[in-house]
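The values are calculated or read from the model by the stated rules, or taken from the named source; none is laboratory data. Quantities reported herein were computed from a predicted structural model and do not represent experimental measurements. For neighbour counting, all protein chains shown are included, and Cβ atoms are generated from backbone atoms with ideal geometry for every residue, glycine included. What goes into the accessible areas is simple: the full protein's heavy atoms, side chains included, and nothing from ligands, DNA or RNA. Shrake-Rupley method; radii C 1.70, N 1.55, O 1.52, S 1.80 Å.
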Amino acid sequence: MIVLGIETSCDETAAAVVGDDRRILSNVVASQIATHRPFGGVVPEIAARAHLGQIDAVIRAALAEAGVGVGDLDAVAAAAGPGLIGGVLVGVTAAKAIAAARGIPFVAVNHLAGHALTARLTDGVPFPFLLLLTSGGHCQTLIVKGPEDYVRLGTTIDDAAGEAFDKTAKMIGLPYPGGPEIERHAAGGDPRRFPLPRPMKGAPGCDFSFSGLKTAVRHTLDKLPGPPSPADVADLCAAIQAAITDSLCARLKPALAAFRAACPEGRHLVVAGGVAANRHLRAALAAQAEKSGLAFVAPPLPLCTDNGAMIAWAGLERLRHLGHGDPLDFKPRPRWPLDGDAPKARGAGVKA
Ligand code: KG4
Ligand code: ZN
């Protein structure tokens with residue numbers, strides 16, 4: 001079986017063809033980063049229009065690179081939420097049109113399931129596994145028991161980790177997206193020069209918080225005698241990267257204990273989402289997994305940030321699980337938690 005996967009929920013227009021034998025036949029990503037950069041973040045209306053302009057060419061490129069035609073596809077999957085609804089509509093409508101025209105199943109994929117199941121595409125990781133899902137919009141720990149079966153252990157009560165990277169980078173004057181910029185500048189920096197907090201370290205439960213870190217970076221910048229020098233930027237970036245990494249690892253500890261208690265047969269710690277591309281974080285998580293006696297799996301860097309391959313794969317898993325596709329009147333969902341039963345987290349600006 002081969003499936004076309006379409007991703008348009010944020011600022012990448014992406015399409016890929018993936019086989020049920022875990023082969024990625026193509027993976028085309030058209031980034032809108034340059035379009036949004038002057039605004040310091042993603043502008044939803046501009047994103048939706050840019051997806052509309054790119055989608056046909058991206059799908060055509062994905063098919064051509066895979067060496068297949070529309071007639072060879074067995075199903076077509078699209079990220080149907082959560083995300084910026086204008087963009088989601090573009091991908092979902094394209095997928096529904098192809099499915100209707102060819103008489104093949106349409107699969108509505110949860111974007112977060114795309115991230116969550118990537119480790120099964122790349123490494124064949126068996127269920128259950130513990131997942132740290134950390135992107136621009138989400139920061140959660142989940143027990144993944146099946147393609148449609150998630151138990152959320154913790155979530156952020158304010159900002160996501162990627163958001164913390166992006167917002168602190170903006171304060172320093174670095175371009176969007178901030179995560180890769182901070183990683184690059186941190187390389188020559190001293191993480192100890194500017195002390196930054198590790199929000200919620202040691203607090204009960206598994207939730208995350210990053211807004212205090214933002215405030216601390218603001219104060220650190222205000223205390224400098226002038227605009228930050230290149231050395232200041234390097235040291236501050238190293239401090240931010242260390243603080244976010246330490247916070248994620250500290251909050252993972254109770255989640256690891258909960259996973260061990262709930263699923264003693266579980267053998268894997270998986271990280272996914274855009275922030276999983278950070279090498280400093282990957283190294284820290286690998287060490288923590290080893291200490292806990294778990295194998296650590298992180299997708300290759302291009303499969304951490306948004307892409308069509310993860311949507312095609314999650315589509316295959318959902319199709320196998322349901323035994324059929326989704327109805328063509330499936331309504332895209334701006335909010336679509338992986339664990340619908342999880343209690344609402346407390347705090348301002350809480351993410352699902
Ligand atoms: O998963 P993703 O591509 O989009 C969302 O679904 O949010 O994640 C994007 C986020 C951005 O906040 C970006 O700054 C962050 O991932 N990111 C990184 C790195 N690469 C991307 N954060 C830290 N280090 C990186 N190397
Ligand atoms: Zn994402």
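Note on VAL151: accessible area approximately 50 square angstrom, rounded to 10, probe 1.4 Å, nucleic acids and ligands left out. Here region 278-352 is treated as a sphere whose radius is the Kirkwood value from Cα pairs; by Stokes-Einstein at 25 °C and 0.890 mPa s it diffuses with a coefficient of 151 µm²/s. For region 213-270, the mean projected area of the C-alpha convex hull, equal to one quarter of the hull surface, is 5.2 nm². Principal-axis analysis of the Cα atoms of the chain puts helix 44-66 at an angle of about 60° to the longest axis. For region 195-226, the residues whose amide N sits under 14 Å from a probe point set 7 Å from the Cα of LYS253 along the beta carbon direction are 198-207.
Under the convention that each Lys and Arg Cβ holds +1 and each Asp and Glu Cβ holds -1, the size of the dipole of region 39-122 around its Cα centre is about 100 debye. How charged is the neighbourhood of TYR150? Take every other residue with its Cβ under 14 Å from the Cβ of TYR150, and add Lys/Arg as +1 and Asp/Glu as -1. Once positives and negatives cancel, what remains is -1.
Spatially close Lys pairs in the chain, defined by Cα atoms under 19 Å apart and a spacing of eight or more places or different chains, total 12.
Entry note: region 1-41 has Rg to Rh equal to 1.16, where both radii use alpha-carbon atoms and Rh is the Kirkwood radius. Taken along the Cα-to-beta-carbon direction at a fixed 7 Å, the label points for ASP341 and ARG37 span 4.7 nm. Kirkwood radius and radius of gyration were both taken over the C-alpha atoms of the chain, and their ratio Rg/Rh is 0.97.
Provide the net charge surrounding ALA64, with neighbours chosen by a C-beta distance below 15 Å and charges set as Lys +1, Arg +1, Asp -1, Glu -1. With Lys, Arg at +1 and Asp, Glu at -1, the neighbours total -2.
Quick one: length gained pulling ALA57 to THR93 fully straight, 0.36 nm per residue minus the C-alpha distance? Can you show the working numbers first?
Working: separation 36, 0.36 × 36 = 12.96 nm, distance 1.51 nm.
Gain on extension, ALA57 to THR93, equals 11.5 nm.
Over region 285-328, the Kirkwood radius and the radius of gyration, each from Cα atoms, give a ratio Rg/Rh of 1.19.
Overall, region 127-206 carries a charge dipole of about 320 debye about its Cα centre when +1 sits on the Cβ of Lys and Arg and -1 on the Cβ of Asp and Glu, all other atoms neutral. Over the C-alpha trace of region 260-317, radius of gyration and Dmax come out as 13.0, 35 angstrom. Magnitude of the charge dipole for region 127-299, about its Cα centre and with charges confined to Cβ atoms of Lys, Arg (+1) and Asp, Glu (-1), is about 340 debye. By a 1.4 Å probe calculation restricted to protein chains, HIS268 has an accessible surface near 40 Å², given to the nearest 10.
Here the calculated FRET efficiency for ARG218 and ARG193, from their Cβ-Cβ distance with R0 = 22 Å, stands at 0.85, rounded to the nearest 0.05. Separation between the ALA295 and ARG102 pseudo-spin-labels, each 7 Å from Cα along Cα→Cβ, expressed in nm? Placing both labels 7 Å beyond Cα along the Cβ direction yields 3.3 nm. Considering the dipole of region 127-299 built from charges on the beta carbon (Lys and Arg +1, Asp and Glu -1) around the Cα centre, which of ALA258, MET171, CYS237 is farthest to its positive end? It is ALA258.
What number results when the radius of gyration of region 127-299, computed over Cα atoms, is divided by 2.2 N^0.38 Å? Walk me through the numbers on the way to the answer.
Values: Rg = 16.2 Å, N = 173, 2.2 N^0.38 = 15.6 Å.
Output field value: 1.04.
Taking the chain as a Gaussian network of alpha-carbon nodes connected by springs under 10 Å, the highest mean-square fluctuation of the residues GLY178, GLY81, GLY41 belongs to GLY41.
Cβ-Cβ distance of ASP21 and VAL68, R₀ of 22 Å, FRET efficiency by 1/(1 + (r/R0)^6): the value works out to about 0.95. At the residue level, MET171 shows approximately 60 square angstrom of accessible surface with a 1.4 angstrom probe and all protein chains present.
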